[in-house]
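Below you'll find the structure, written out as structure tokens, and then a few comments.
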Amino acid sequence: MSKPVSNPQTLHWQTLSNDHHLAPFSDYNQLKAKGPRIITKADGVYIWDSEGNKILDGMAGLWCVAVGYGRDELVQAASRQMKELPFYNTFFMTAHPPVLELAKAIAELAPAGMNHVFFTGSGSEGNDTVLRMVRHYWKLKGKPQKKVIIGRINGYHGSTVAGASLGGMVGMHEQGDLPIPGIVHIPQPYWFGEGGDMTPDEFGVWAAEQLEKKILEVGEDNVAAFIAEPIQGAGGVIIPPDTYWPKVKEILARYDILFVADEVICGFGRTGEWFGSDYYDLKPDLMTIAKGLTSGYIPMGGVIVRDTVVEVLNEGGDFNHGFTYSGHPVAAAVGLENIRILREEEIVERVRAETAPYLQKRLRELADHPLVGEVRGVGMLGAIELVKNKQTRERFEGQGVGMICRGHCFDNGLIMRAVGDTMIISPPLVISKVEIDELVDKARKCLDLTADQISDAAIN
């Protein structure tokens, strides 16, 4: 923390962190030197740390707190279920009402023809399930050689062995000798960072054509599936050019492979539609879900599966895959209540018609800032590219400008995440216009502070 710690309890918790806690995606020496910021409570779109600072959570936790913090209805749903049936598994020809009702509710929201759900504990587990299910499907179809899954460079599909392999993040692959065999990657549709002299539309077509090129290289008879996020989240809120998905759909229609849409971030209203697949009319065969399913109040994930795939699985005997907490009754009860809130309060509709257009309008006002090379977004997703030269898109190489900006945000009551020098946001779906104004005003202030710090460093 850059501000001095004044609360003795903060120091106590930081000591516990240093002595006992291994945090995810962390530099442990750096964490020990600085100490973690201790978050103690939350309400609406705000969190508070142990020093009493109120912070607007522009990332909805990790893309997930759709209905906002402090929704007592979700707490009560968990409490009721814990009293009635706190746990039972869904193995060995058993089930329980919450998981069955949730599966039905999800099927009602999913794209047409997707009426079955395999539940997991997270999106990472969901993508492990995808790998197993896709390969099992083709074996049942008499094509066991169709094993290769195509992902995208810088895509993110979780951090389990299979999830990290399906994703295309080099830093993850370097730790653990990944990807595992049978997974290959194609370029991402990131025009701002990689489009060069091409127009966005030209680059979108080029990026899509890399899918067909890879299918032909590997051989259609060996390719099982293509997996992609409708909008890449952890990779930097990468909005594909308008030409990208139509061309990908055209390519997929020519080949006998499955399409997996990773909806862990885009699902449950984030784009202003129930799913990113609705926003882009993708019609996938499998969809990975998590995060917004329970608004992050309790861990849960899953895979929504197209009926034609299920028909094949039905003929295959045991599917020897699952998790102790697949369809956990408390998580299912919370998921059901979360969906009820989203539906009855028409939160997704309000995002689409009112708050998302307002957020995108206000965000784009930041494009006039000297540090900002591009502002982009869809729904309740946004990205701000920090650059040294607005015309050439030249970056601040090796200066950690994104992390500098992130630090100023945290110190000034706003969470924005840094992906390299790209600042990204994904606020709770219930954020109001007044709170959007606060978010954008604080973002501009932090951009100014970042610019000042860079300038001072250059002078000194």
What number of residues within the stretch 165-190 satisfy the criterion of being within 28 Å of residue 308 (Cα to Cα) and crowded, with 24+ Cβ neighbours inside 10 Å? 3
Please count how many residues of the stretch 93-114 are closer than 19 Å to residue 78 by Cα, aliphatic (A, V, I, L, M) and over 25 Å from the mean Cα position of the chain (by Cα). 2
Checked 121, 155 against criteria (over 25 Å from residue 220 (Cα atoms) and in contact (Cβ under 8 Å) with a residue 24 or more places away in the chain); the one match is 121
When every residue in the stretch 248-272 that is buried (at least 21 other Cβ atoms within 10 Å of the Cβ) and of a type in the set (D, E, K, R) is compared, the one farthest from residue 351 (Cα to Cα) is 262
Every residue in the stretch 51-73 that is within 27 Å of the chain's Cα centre (by Cα) and farther than 19 Å from residue 380 by Cβ, please. 53, 54, 72, 73
Are any residues in the stretch 331-348 open to solvent by 70 Å² or more (accessible area, probe 1.4 Å) and either in a helix (DSSP H, G or I) or among the basic types (Lys, Arg) (or both), and if so, which ones? 340, 343, 344
Report the residue count in the stretch 145-166 for those that are outside any loop (DSSP other than H, G, I, E, B) and under 24 Å from residue 212 (Cα atoms). 10
Enumerate the strands (runs of 3 or more DSSP E) found wholly within the stretch 31-96, keeping only those where 1 or more residues are in contact (Cβ under 8 Å) with a residue 24 or more places away in the chain, aliphatic (A, V, I, L, M) and open to solvent by less than 20 Å² (accessible area, probe 1.4 Å). 46-49, 54-57
Tally of residues being out of contact with any strand residue (DSSP E or B) (no Cβ under 7 Å at 6 or more places or on another chain), open to solvent by less than 70 Å² (accessible area, probe 1.4 Å) and not aliphatic (A, V, I, L, M) across the stretch 366-381: 2
Identify the residue in the stretch 1-30 that is touching a Lys or Arg at 6+ places or on another chain (Cβ under 9 Å) and open to solvent by 50 Å² or more (accessible area, probe 1.4 Å) and, among all such residues, is modelled with the lowest pLDDT. 2
What residue, of 182, 195, 168, 204, is modelled with pLDDT of 95 or more and on the phi > 0 side of the Ramachandran plot? 182
Right, residue 289: open to solvent by 10 Å² or more (accessible area, probe 1.4 Å), under 15 Å from residue 62 (Cα atoms) and of a type outside the set (D, E, K, R) or not? no
Checking the structure you have, find out if any residue of the stretch 309-318 is open to solvent by 10 Å² or more (accessible area, probe 1.4 Å), in contact (Cβ under 8 Å) with a residue 60 or more places away in the chain and in a loop (DSSP other than H, G, I, E, B). yes
Restricting attention to the stretch 98-118, which residues are assigned to a helix (DSSP H, G or I), touching a residue at least 24 places away in the same chain (Cβ under 8 Å) and over 12 Å from residue 303 (Cβ atoms)? 98, 99, 101, 102, 105, 107, 109
Residues of the stretch 191-218 being in contact with a strand residue (DSSP E or B) (Cβ under 9 Å, 6 or more places away or on another chain), open to solvent by 20 Å² or more (accessible area, probe 1.4 Å) and farther than 22 Å from residue 281 by Cα, which ones? 193, 213, 214, 217, 218
Just to be sure before I move on: is residue 402 of a type outside the set (A, V, I, L, M, F, W, C) and in a helix (DSSP H, G or I) in the structure I sent? yes
Would you pick out the residues in the stretch 411-460 that are more than 24 Å from residue 270 (Cβ to Cβ), free of Cβ contacts under 8 Å to residues at least 40 places away in the same chain and surrounded by 15 or more Cβ atoms within 10 Å (Cβ to Cβ)? 412, 445
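I need the full set of residues from the stretch 243-296 which are basic (Lys, Arg), over 14 Å from residue 342 (Cβ atoms) and not in a loop (DSSP other than H, G, I, E, B), in order please.
247, 249
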Checking residue 29 against (1) more than 28 Å from the chain's Cα centre (by Cα); (2) closer than 30 Å to residue 170 by Cα; (3) polar (S, T, N, Q): exactly one of these is not met. Which one? (1)
Residues satisfying the stated conditions in the stretch 219-229, i.e. open to solvent by less than 40 Å² (accessible area, probe 1.4 Å), touching a strand residue (DSSP E or B) at 6+ places or on another chain (Cβ under 6 Å) and either farther than 20 Å from residue 127 by Cβ or not hydrophobic (A, V, I, L, M, F, W, C) (or both): 229
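The values are calculated or read from the model by the stated rules, or taken from the named source; none is laboratory data. Here the structure is a predicted model, which is why all the values come from computation and not from measurement. We place every Cβ from the backbone using ideal geometry, glycine too, and count neighbours over all the protein chains shown. Side chains are part of the model used for accessible areas, which takes the heavy atoms of the whole protein and leaves out ligands, DNA and RNA. Shrake-Rupley method; radii C 1.70, N 1.55, O 1.52, S 1.80 Å.
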